[in-house]
1. So, restricting to strands (runs of 3 or more DSSP E) that lie completely within segment 48-139, which ones have at least 1 residues that are surrounded by 15 or more Cβ atoms within 10 Å (Cβ to Cβ) and basic (Lys, Arg)?
2. State whether one or more residues within segment 34-56 are touching a Gly at 6+ places or on another chain (Cβ under 7 Å) and within 16 Å of the ligand (Cβ to nearest atom).
3. Identify all residues within segment 16-47 that are open to solvent by less than 60 Å² (accessible area, probe 1.4 Å) and either touching a residue at least 60 places away in the same chain (Cβ under 8 Å) or part of a loop (DSSP other than H, G, I, E, B) (or both); write none if there are none.
Amino acid sequence: MTHGDQRAAYERAVAGKSRLFAVWPGQWSSDLFEIDDLDEFAKALGVKHDEERTGLKDHVHEVEWTKDPYGDDNPRSQYLGIDVILACGCSINDLRTFAVQMKEQRGWVIATSGGWSKRGRPNGTTTYSLRARRRSLTD
Ligand SMILES: [Zn+2]
């Protein structure tokens, strides 16, 4: 039996090489549960894309971005505040997932620590204020 390394365990389980168990520790005894819904398990771990939770489709997003007009524009700062609109209709509920996707799709390095915000516009679009590494930003 192994423990830890959940991604490797998931991959072995998918391949049918092993079964996954979760231990629920109790005061007098620990209960052992077999994880039979691998799909849910993978989504919970972030191994598998979860569109419902993240608001993000697993596709190439249509991203429109501008420099945040109210942001701190110190050229010596590594990060730049940007306003992002997703013209493809996705919404960002999980910044970490969006950051991974944008790294893959455009090479952007989005700051996942620190603040970000979203605001709705009267025309129905949502603008997200994020910070991205200045030099990673491309058109
Ligand atoms: Zn999208």
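1. Details: elements: 63-67, 79-86, 117-120, 126-133.
Because the criterion is at least 1 residues that are surrounded by 15 or more Cβ atoms within 10 Å (Cβ to Cβ) and basic (Lys, Arg), the strands (runs of 3 or more DSSP E) in segment 48-139 that meet it are 126-133.
2. First, the residues of segment 34-56 that are touching a Gly at 6+ places or on another chain (Cβ under 7 Å): none.
There is no residue in segment 34-56 that is touching a Gly at 6+ places or on another chain (Cβ under 7 Å) and within 16 Å of the ligand (Cβ to nearest atom).
3. SER18, LEU20, GLY26, ILE35, GLY46, VAL47 - these are the residues of segment 16-47 that are open to solvent by less than 60 Å² (accessible area, probe 1.4 Å) and either touching a residue at least 60 places away in the same chain (Cβ under 8 Å) or part of a loop (DSSP other than H, G, I, E, B) (or both).
The values are calculated or read from the model by the stated rules, or taken from the named source; none is laboratory data. Predicted model, so just to flag it, every value in this text is computed and none were measured. Methodologically, a virtual Cβ is constructed for each residue, glycine included, from the backbone with ideal geometry; neighbour enumeration extends over all protein chains shown. Ligands, DNA and RNA are stripped out before the accessible areas are found, and what is left, the full protein with its side chains, is counted by its heavy atoms. Shrake-Rupley method; radii C 1.70, N 1.55, O 1.52, S 1.80 Å.
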